[in-house]
Amino acid sequence: MNGIRKQWLFYPDYIIKTIDGNIWVLKLRVVCRLVTPKNIDRQVENKFNAFKEYAKKYNLHWGFVRDIDEELYINNTIYTEDMSGDNWIPLNDVLK
């Protein structure tokens, strides 16, 4: 809920099972390149933190996925709009 007691809902985009048997719940934050700014969701950080709490409560593998130059990156630690930090990891390095 936000400061005006409005509840915001969102749903994961993918639930996948990796070769090693882990189940991952993913939310994609990939937006059409014709739209600027790239991330147009004002609630994205709130959604990230709510997803993080939910995943911790139910012991889930999870992450937000975004792209840089046609490569996908995943984050499940601290949300930042800037993707140059260590919290955005190439998706292929995590999901094998």
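A short reminder: the numbers here are calculations on the coordinates, not readings from a lab. On a predicted model such as this, the values are computed, not experimentally measured, just so you know. Please note: Cβ atoms are built from the backbone with ideal geometry, for glycine as well, and neighbour counts cover all protein chains shown.
If r is the Cβ-Cβ distance from Met83 to Asp20 and R0 is 30 Å, what FRET efficiency results, to the nearest 0.05? Before the final figure, lay out each step's value.
Details: r = 26 Å, r/R0 = 0.86.
So the FRET efficiency works out to roughly 0.70.
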Hey, can you grab everything whose amide H is under 5 Å from the amide H of Arg29? Only 5+ residues off in sequence or another chain; H modelled, so Pro and N-termini drop out. Val65, Arg66
3J(HN,Hα) from dihedral phi, segment 73-84, Karplus parametrisation 6.51/-1.76/1.60, rounded to Hz, x for glycine, proline: 10, 10, 9, 9, 10, 10, 6, 9, 5, 6, 9, 8
